[in-house]
1. Expressed in whole Å with the largest first, what are the equivalent ellipsoid semi-axes of region A:399-486 derived from the C-alpha gyration tensor as the square root of 5 times each eigenvalue?
2. Among the listed pairs A:K407/B:K468; A:K167/A:K384; B:K191/B:K302; B:K429/B:K468; A:K171/A:K384; A:K407/B:K470, give every one whose C-alpha distance is greater than 19 Å.
3. Name the residue farthest towards the positive end of the dipole of region B:13-302 from the options B:N267, B:A155, B:V100, assuming +1 on Cβ of Lys and Arg, -1 on Cβ of Asp and Glu, about the Cα centre.
4. Net charge within 12 Å of B:A394 by Cβ-Cβ distance, Lys/Arg positive one each and Asp/Glu negative one each, not counting B:A394 itself?
5. When A:S220, B:S150 are ordered from fewest to most other Cβ atoms inside 10 Å of their Cβ, what list results?
6. If you scale each eigenvalue of the Cα gyration tensor by 5 and take the root, what three semi-axes come out for region A:61-478, rounded to whole angstrom and sorted largest first?
7. Kindly provide the helix-only [θ] at 222 nm of the protein assembly as shown, computed as the sum of -39,500 (n - 2.57) over DSSP H runs of four or more divided by all residues, to the nearest 500 deg cm²/dmol?
8. Of B:S358, B:M1, B:T390, which is farthest towards the positive pole of chain B's charge dipole, taken about the Cα centre with +1 and -1 on the beta-carbons of Lys, Arg and Asp, Glu respectively?
Amino acid sequence: MTADTLEQVVRESSKQSPKRSKQELANALVETLARGAATNTGGKPEASSSSSSSSLPKQRHSEGARLMRVLALGFALRFAILAFSPDFVSRHLAARVELSTPATSYKRLIEGLHLAAQGISPFDGGLFHQSPLLLILFRVPFGWLPRICSDLLFIAADVLVALMLAKIAAKKTTLPGFASRPLVPGETVFRCSPSVVAMLYLFNPLTLATCLARSTIVFSHLATVSVLYFGVSDKPDLAVALAAVATHLSLYPAVLVAPLALMAGGMLFQPEARSRSSSLAAGAVLALCKFAACFAAIHFLFVLLYGSNYFSATFEFTLQATDLQPNVGLFWYFFIEIFDEFRQFFIAVFQLTALAFTVPISWRFRDDPLFGSVMLVGVVSALKSYPSWGDLSLFLGLIPIYEELAKYMQYTFLSANLLLYGLGLAPVFWHLWIEQGSGNANFFYAATLVYVFGQITLLFDLGSAQLRRQLDIEHPETRERTVVQE
Amino acid sequence: MMPGQVDVGFGSHGHMEAMRQMDPAMHMEGDKRAEHVQRVFESLGLDCEIQRFGSSNSVDKGLRGNNVHGVLRAPRSDAVEALVIAASWETKNGTNANAVRLLAGLAKYAAEQVYWAKDLVFLVTDSGERGTEEWLRAYHGEGGMLQVRSGLIQAALALDLPPAHSYGGISLHFEGRSGQLPNLDFLNIIKHVARQERLPAVVHALPDMPRSSSIMEKYLRSARLLLRQVRAQAVGSTVGVHAPFLRYGIDALTVVGMERADGRASNLVSVGRTVEATLRSLNNLLERFHQSFFFYLLSSDKKFISIGNYVPAVAMLAAALLFHAMHLWWFQGPDSARSETPGDRIARINTYHQFLRSSLPGSAASFVRVHVMGAILFAVPFVVPKVVLTDSTATGYVFTMFVASVTLILHLADSMWSPHMVSDWRQLKALAAVYVAWVVACLSVMNFSLAIAVFVVAGMPLIFTRFKDKPSRAHRACAVAMLVAFSPAVVLSAARYLLDCEMADLSRSLFRLFLKDYSFFGSAVYPLICLVYWPVNMLCMVIAMMP
C-alpha cells in the first residue's frame, strides 16, 4: 500500500459525511493500514529455502512510513485525550486498581517527588515504592515544567515501546539465528509486519488505558523491550545493563537475564556454535556477572543519592507483598486470609512460583531465547505480586512477533474469552464490592482468577504451539499421518 | 432487629396537632412553602436547613427547587449514624401532602422519645427524585456542603401517600436506578410490622390473591410480579423517591399508600405506626445489613429467588450465544479449508489462516465503525445547547441517527461485496455473538433484569439473523425486517406502552428519559443503548446483507 491509497482514504472519509469525527478518520486509516499489511505479508507462499527477508527496498520504505504513521497516530490519540479531557482520565482511569498498583501509581509518584523536592527521603514513609530512577527522570519535568510535560514522558515511553516492538519484529526476520533456520516444508509463512505489531500494541485498549492512567509500569515496559531489542541486535552488554535498569524499575524483569545469557552465549547469532557448549556457558556466565555488576553499580549510586532504605521500600516491598490493596493478581486475597505465622512460607512459595519458571523455560526454548523471553514476560504478568492490566498488554503486544505460531494455537477461543470475562468482570465486581457495598472481596477475586487463568491458558497454548512447530520442522514426515489410537 | 417487638405509641392528640400545623403549607408555593415547613420542624425541636438548588445541566433546563430537612439528634449516641424519612411534595399521584403531614407528626412523636440511638433526618423535597439526588450530593459534600448534617445514613424510607382518608394497604417499591436493590431484610421488616397494623404490605401494588384462588391464578400473579420487577429494575425510571439513595449504598424503599374505597380500611395513623415500628427496628441495627441478601427477585410477597438460582438462567443465555459463536468460528472460511483428507492438512491449514488474516481486519473495522457511530450518538446530546433538547427533538434525533446508521450499514455491506474484500458472515456473526454474550454475562451479576433486556433486544435477533450460507432474497428481506422491528428506534418507540401509564403519552421520548437518568443518576441504560445495543443491531443488519 502506498501513500496514495492512504490519502485516498483520508479524502474519502472526509468527503462522505461532514459529521464524521477525526477519530473515525483515524480508524479508517488504521484499518487500511492493517488491510495493506495483511495483503502485503500474507499473500506469498514461500518455499522453505527462501526466507522472507528478501523484500524489496521500496516496500521496506513504505513499511517505515507506515510505522511512523502508526506511532504518530498513537501519540496524537494519547495526547489529545490527556490534554483535552483530563477530567475523564482522573475520574474513570487514574484510580482504578486494575491499572495502577501501589508499585506503579502516578499519585504516589507525585507524592514521592514532592517529598524529594522538600528534601525529605521519600522512602522513609510507607508510601512511595517506586524506583529512584523515576525520581531522577521526573525531577525536571515535575519541578520546573508544566504538568503536560510529565504526561508527555509517559506518552513518549509508550510510543517508544511500540517502536521497539516493531524493531524486534523487523529484526527477527533478518537475524542469522532465525533466517538460517529451516521452515516447515510447504508452509505459508505469516509474518506480522512491524507496523502492525506496533499498531496492535498502541491501539490495544489495555495499553491505552494504562498509559492514560499514567502507570509507571510504562517505563518498566520500555526497559524490558529495550533489553529484548538489544539482545536480538547482538549488543549483549547494553542489553545486560538495561536488564539491570529494568530490574530496578520493577524487579521481575530480572528473569529476562536467563534468556539474555543464552543470547549472549551466541544462541541467536552463531547457530553453528550451538554444539559448542563451552562457549555458550562462558558467554552466559559472563553475561550474568555483568548483570550483577551493573545491578550493584546502580544500587550503590542510589544508596549514595537516597540512602539505603530505598532498597527495602522497593525490592522488599515487592517481594514481601506488604501492601495488600486489591489488584488483578493472586497475592492480595491470599495474604489477607493467611495467618501470620505461615506468611513467610507462603510468600516464598508464591514468589518461587513466579520466578521458578525462569530457568526451565529459558532452557526448553534455548534454540530461540527471544521466544523464551516472551513466555517469561507472560509468566511474570500472570504471577507477579503487583500485576496490572498493563503487564498483560505488554505480553499481548509481544505475541504478534510470533505470528507463525498462530495456526498451531488450539485454545485461542477459550483463552480470549477467559481474558475478556476476566477484564469485564473485574470493574463490575469492584463496583459491587466497593461502591455499592452489596458484593464482597470474593467477587473481585473470582474475576482475578478468571483473568489469571486466561493468561495461563494463553501461555500454555503459545508454548505448546512453538514446540509442535519445532516438531514439524524436525520431523516433517509426521505431519501428514493420521494418529490412530487403539 | 426484632421487628414488631415493641409497643408503638404514635397517634396521640399531640401528634395530630403537629400534623395539622403542616396544613397551611399545602396552599403555598416555592420558597414560602419551604419556609413554612422549616418553621414547623423548628417548632418541633429539629435542627433545620433549607437547601435551594438550581439545575446547571444541559439536559434538564432551569429546574429549581427547595429541600428542607430537619435533624432530630439522637439522645443516646453521638450523631455517627442516621436514618432518613423522606417525602416529596410532588409525586406521580399528584400531591403528597398526607406524607408531609405524617412527617410532622412522626417528628413530634420521635422528639418525645428517649431511645433513639441514631439521628432521624426528616426530608421534604420539592421535586421528587431530582431533589433527593441534589440533597444527597450536598449531604455527601459534592458541590456545596449542607450546614446541618448528621452521620452516615444507614437506611432511608420514602413516603408516598395519595390524598385519601383511608388506606387499604401499602405497596413497596424498591428498585434503584441502576438495578440496585435494598437489603431483603429491610423489606421483610416493613412487611412484618405492617401486618401487625392490619395494613397488608404488597410488592409493586399487585393485590394479593385470596387463599382460595387456584394454583394457576397464583402462578400468573407471580409471573406478573416478576415481570414488574424486571421492568422496574431494567429501566430504573420513575420508581420512587428512594431510588437516589441506593446509588449511595443506602438501603432505601418507597412506601406507597394504596387507596381503598370501603370504610373498613385503616387511616393515616396506622401508616404512621408502621413507619414508627420500622424506624425502631432499624434503630436496633448494629452494623450493616447482612451481605447475603442484596440480590433477589420476589416471586410472591413471602418468597424470593436468590442470585444463586437466577444467575444460571442468564449464564445459559450467554452460553447459548457462546456455543453458537464457537460453531460459526469453526466453520468460517472457504470450503477448501475443511477437507478431511489427511494429506491435505497443510494446504488446508494454510488456506484457513490465509483467510483469517485477510478477513479479520475487515471484521474488526466493521466493529470499530459501528461503535464510532454509537459513540457519536452517545456524545451529541452532551454537546448541543440545552434549549435544543426537548422530547420532540430527541425523537427526531433518534430517527435521524437511525437513517444515518442505515447509510453506514449499506456502505459496510456494500464494501463486503467488493471482490477485493475477503469476508465471511460467520466470522462477523461469531464475533458479535461473543461480544453480546460478554456484555450480558458481565451485566447479569450487577443487574439481572437489564442483562435479560439486552439479551432480548440484541442477542435474540442476532441469533436469528442468518443461518444459511446463501440466503434467498426473501430470507434476507425477512431478516432485515425483523432487525428493523428490533432496532433501537422502533423498540424505544414501542417500549413506552410496556413501561408506565404516564410514559404512554406519545409526546414523551424514552431516549430523553434515559439520557436524563444517565446524566443525573448514572443509570446504565443510556450508554448501553448507544454503545452496545445500537451498534450490535447495525452489525446484525450488515450480517444479514453480507455475501
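Read-outs: derived from the displayed coordinates by stated rules, not from any lab. Just so it is clear, the structure is predicted and the values come from calculations on it, not from any experiment. All Cβ positions, glycine included, derive from the backbone under ideal geometry; neighbour counts span all protein chains shown.
1. Here the semi-axes work out to 39, 13, 8 Å.
2. A:K407/B:K468; A:K167/A:K384; A:K171/A:K384; A:K407/B:K470
3. So the residue we want is B:N267.
4. +2
5. Numbers: A:S220 30, B:S150 23.
The fewest-first ordering by Cβ neighbours comes to B:S150, A:S220.
6. 33, 25, 23
7. -19000 deg cm²/dmol
8. About the Cα centre, the residue reaching furthest to the positive side is B:S358.
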